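Visitor: Here it is: the structure, laid out below.
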Amino acid sequence: MNIEVNRVESKKDWKDFLQLPFSIYKGNPYWVPPLLSEVKDSLDKEKNPFWEHAQRELFLAKQNDKAVGRIVAIIDDNHNSFHQEKTGFFGFFECVKDYEVAKSLFDLGRNWCKEKGMEIFRGPVNPSMNDECGFLLEGFDKPPTVMMPYTQAYYLEFAKIYGLNKAKDLYALIKEGAGIPERIEKMIERTRERTGVKIRPLEMKKFERDAQFLKDIYNSAWEKNWGFVPMTDKEMDLVAKKLKQFIEPELVLFAEIDDKPIGVTVTIPDINQVLKKLNGRLGPIEILKFLYYRKKINGVRSLIGGVIKEYRNTGIIALLYYETEKRAVKLGYKWCELGWNLEDNDLINRFDMAVGGKIYKKYRICEMKI
C-alpha cells in the first residue's frame, strides 16, 4: 500500500502527528481528545525536563500523503541506570486498522533503539511510566479518567502479532458511593491511636513547601515498584505546576508524625469530563467551557498514595484513603477511580477491593527482546 514512514521534522509533519488521533477515534464516544498543546509540550525538549535525561525520535507513517500512524522511540537513561537495563521504549502509538502500518512503525522504533545498543523494546509509555502508559486491555466501554489512556482494541492484537508480549498489566478500580466496611474503619481508628499520626490538607499559601514534601515522599515510597524511576526535581516541579491549576486542596492529604510528613495521597477531579467538550484546544471559548463544565465534574481519580518505607505496613495509607473519601463526599463527588495499580501489587489491590473498589479497566505494557 506504499507505506512511507519518516522522521517528524517539518511543521506539517508535527501537525499531522498531533492531529492523527482525531481521525483514528472519530465517532468513538469514549475517547477523550487531549489538549494538543499539552501533547506537543510533553515532546518538547525545551519544555519537558524529562528529555534532559532521555532521547527520542518521532516517526510518522503516511499512505498517499495521508497520515495513518505514528510512534515515538524513547531511551530514558535514568530508567536504564536505575534498573540496570538496556531498555528502549515506544510511546504515543496510534495507527489505522492495518497491520502493515503498525509493523512499519514498530520496525522503525525497534531498530532505532537497537542501533543505540538497547536489548529490550517496551511500551507504550507517553513518554514514561510516570505519564500515560499501556494499551487498553479491558474497559473499552468506559471513557478514560484524567491522565489515563484510551486505545483501540486492535493495538494489542497488532503488538502480539509483531512479537510484543505481556510485560505487566495495570489495574484501574472504580469505587462508587461512600462508606467502607466497619472492620476496616475500626482498624483505621486503631492506626490513628497507635501511631499518633495527624492528617492535614495541602496548604495553598505554602504550596512550594508542600510540593517539596510530595517530591520527597514520592521518590521514597515507590522506589521498589516495577518500572518506577525517581523523578528529578525539575520533573516534579512541572507536575506540581500542572496540578496546581485544578487540584482540590482538601483532596491532597499529608500524614504527619511529630510534625514530619511521612505519607501523602493526591486525588484529583476527573477533568477529562471537561476536556471531552474542548476538542483538543483551549482558546477563549474553550476556557469559558472549561470554567462552566468544571463545576459539573462528578468523580475523582486517586493519582498518588504512599508512605515512606519506615511506615509501610502500619495502616497509615488506609487512614489517608479514609480521610480522602470523607472529604470527596463532602465536596459532592460520587465516585473515585483507584489506580493504576500493578497487577501483582497484592497488598494495595486487596485493600482497594476491600473498601468497595472493583476492577473495571486493565492496561498492558508489552515488550520483546531486540
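The values are calculated or read from the model by the stated rules, or taken from the named source; none is laboratory data. Keep in mind that this is a model prediction, so the values were computed, not measured. Quick reminder, even Gly has a Cβ in these numbers, built from the backbone with ideal geometry, and neighbours come from all protein chains shown. What goes into the accessible areas is simple: the full protein's heavy atoms, side chains included, and nothing from ligands, DNA or RNA. Shrake-Rupley method; radii C 1.70, N 1.55, O 1.52, S 1.80 Å.
Visitor: Tell me, what are the semi-axes, in whole angstrom and largest first, of the equivalent ellipsoid of segment 51-125 as set by the roots of 5 times the Cα gyration tensor eigenvalues?
Guide: Ellipsoid half-lengths, sorted descending, are 25, 11, 9 Å.
Visitor: Between Asp259 and His83, what length comes free when the chain is fully extended (0.36 nm per residue of separation minus the Cα-Cα distance, one decimal in nm)?
Guide: 60.0 nm
Visitor: Once Rh for segment 226-370 is found with the Kirkwood sum over Cα pairs, what is the Stokes-Einstein diffusion coefficient at 25 °C and 0.890 mPa s, in µm²/s?
Guide: Answer, rounded: 141 µm²/s.
Visitor: Hey, another quick one. Could you check how much of the accessible area of the chain is carbon and sulfur, as a whole percent, using a 1.4 Å probe?
Guide: Carbon and sulfur together cover 49 percent of it.
Visitor: Which net charge results when you count Lys and Arg as +1 and Asp and Glu as -1 among the other residues whose beta-carbon is under 14 Å from that of Ala211?
Guide: Once all neighbours under 14 Å are counted, the net charge is +1.
Visitor: Pop the C-beta distance of Leu291 and Glu52 into the FRET formula with R0 = 45 Å and round what comes out to the nearest 0.05.
Guide: The pair Leu291/Glu52 has a calculated efficiency of 0.85.
Visitor: With the crude spin-label approximation of a point 7 Å out along Cα→Cβ, what separation in nm comes out for Asn279 versus Gln19?
Guide: 1.2
Visitor: Kindly provide the helix-only [θ] at 222 nm of the chain, computed as the sum of -39,500 (n - 2.57) over DSSP H runs of four or more divided by all residues, to the nearest 500 deg cm²/dmol?
Guide: Here the helix-only value at 222 nm equals -11000 deg cm²/dmol.
Visitor: Taking only protein heavy atoms and a 1.4 Å probe, what accessible area per residue, in Å², does the chain have with all protein chains in place?
Guide: Roughly 48 Å² per residue, with all protein chains present.
Visitor: Which of the aspartates and glutamates could be linked to Lys116 by a straight reach, that is with a Cα gap under 16 Å, when you skip same-chain ones fewer than 8 residues away?
Guide: Leaving aside aspartates and glutamates fewer than 8 places away in the same chain, those within reach of Lys116 are Glu57, Asp76, Asp77, Glu85, Asp107.
Visitor: Leaving ligands and nucleic acids out of the surface, order Asp270, Asp98 by accessible area at 1.4 Å, largest first.
Guide: Ranking Asp270, Asp98 by accessible area, largest first, yields Asp98, Asp270.
Visitor: Turning to a different aspect of this structure: Might you work out the accessible area of Tyr333 for me, using a 1.4 Å probe with all protein chains in place, and round it to the nearest 10 Å²?
Guide: My reading of the accessible area for Tyr333 is about 20 Å².
Visitor: Would you list, by chain and number, the lysines whose Cα falls below 21 Å from the Cα of Lys260, excluding same-chain residues fewer than 8 positions away?
Guide: Lys198, Lys205, Lys206, Lys215, Lys309
Visitor: Whose amide H sits under 5 Å from the amide H of Glu119, counting only residues 5 or more places off or on another chain, with H placed in the peptide plane?
Guide: Lys86, Thr87, Gly88
Visitor: Place +1 on the Cβ of every Lys and Arg and -1 on the Cβ of every Asp and Glu in segment 144-226, take the dipole about the Cα centre, and give the residue among Val197, Trp226, Leu156 whose Cα lies farthest towards its positive end.
Guide: So the residue furthest toward the plus end is Val197.
Visitor: Moving to a separate point now. Quick one: Karplus J couplings for segment 131-145, per residue in order, coefficients 6.51, -1.76, 1.60, θ = phi - 60°, nearest Hz, x for Gly and Pro?
Guide: 3J(HN,Hα) across segment 131-145, in whole Hz: 10, 4, 8, x, 8, 5, 9, 9, x, 6, 9, 9, x, x, 8.
Visitor: Each label point is 7 Å from the Cα along the Cα-to-Cβ direction; what then is the distance between the points at Glu193 and Ala354, in nm?
Guide: Computed distance between label sites Glu193 and Ala354 equals 1.8 nm.
Visitor: Average projected area of the Cα convex hull of the chain, in nm²?
Guide: If I average the Cα hull's projected area over directions, I get 18.4 nm².
Visitor: If r is the Cβ-Cβ distance from Lys97 to Asp44 and R0 is 22 Å, what FRET efficiency results, to the nearest 0.05?
Guide: 0.15
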